[in-house]
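Read-outs: derived from the displayed coordinates by stated rules, not from any lab. Fair warning: this is a prediction, and the values are worked out from it, not measured in the lab. Every residue, glycine as well, gets a Cβ built from its backbone with ideal geometry; the counts of neighbours run over all protein chains shown.
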Amino acid sequence: MTTIVLVRKNSEVVVAGDGQVSMGNTVIKKTANKVRKIEKRNVIAGFAGSTADALTLFERLESKLEKHAGNLARAAVELAKDWRTDKYLRRLEALMAVGDKENSFIISGTGDVLEPEGDVIGIGSGGNYALASAKVLMDTDLSAEEIAKKAIKVASEICVFTNDNLNVEKI
């Protein structure tokens, strides 16, 4: 797994993720990038789960955004429907945290498109640690990016499947 946190504060949206790739109890890579930006649509996404599965889902999300003129809510629902019903996609094991200037969603392979309350999303093995940390920091003067970075740092100190090698995208 991995740790991804999405923070929305003061008109800034940030997705941060750690860089660790594990296979069982072994660290395979420390510098993976699990956070991506779709420049044309001003959408950012973070992935938890299998890398190949996550990249496949990111490509599908990008295509859905193109089809639905950048409407993230519609693209997320259409991706989740495909993910749940398509014979190939159904086997993919990943979670996505996606956001644009107006919306933040968690998309899962079970067909869920969740819009969590509040301005923070945490997914992956260290997601709950990052989520709790970010929620506490939201009441401070820190920027969204600073909160996201600190949240991943806290998760990396608790979760053995998370490191503090950060990748950050913001809009």
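Annotations for the structure displayed:
- Members of segment 110-125 found to be at positive phi and buried (at least 19 other Cβ atoms within 10 Å of the Cβ), listed by number: GLY124
- Identity of the residue in segment 133-163, in a loop (DSSP other than H, G, I, E, B) and within 16 Å of the chain's Cα centre (by Cα), that ends up surrounded by the most Cβ atoms within 10 Å (Cβ to Cβ): THR162
Quick grid of which residues meet (1) closer than 21 Å to LEU114 by Cβ; (2) more than 15 Å from the chain's Cα centre (by Cα):
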{"position": "LEU6", "(1), (2)": "yes, no"}
{"position": "SER22", "(1), (2)": "no, yes"}
{"position": "LYS37", "(1), (2)": "no, no"}
{"position": "LYS40", "(1), (2)": "no, yes"}
{"position": "TRP83", "(1), (2)": "yes, yes"}
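- Segment 21-38: number of residues that are part of a loop (DSSP other than H, G, I, E, B) and either touching a strand residue (DSSP E or B) at 6+ places or on another chain (Cβ under 6 Å) or within 14 Å of LEU55 (Cβ to Cβ) (or both): 3
- Per the conditions (1) over 27 Å from ASN163 (Cα atoms); (2) touching a Phe, Trp or Tyr at 6+ places or on another chain (Cβ under 9 Å); (3) aliphatic (A, V, I, L, M), the sole criterion not satisfied by ALA75 is (2).
- Lone qualifier among GLY111, GLY122, GLY118 - being under 16 Å from ALA16 (Cα atoms) and of a type outside the set (Lys, Arg): GLY122
- For segment 7-22, the criterion of being out of contact with any Cys (no Cβ under 6 Å at 6 or more places or on another chain) and farther than 23 Å from LEU166 by Cβ is met by none of the residues.
- Set ALA130, ALA97, ALA69, ALA45: member being aliphatic (A, V, I, L, M) and assigned to a helix (DSSP H, G or I): ALA130
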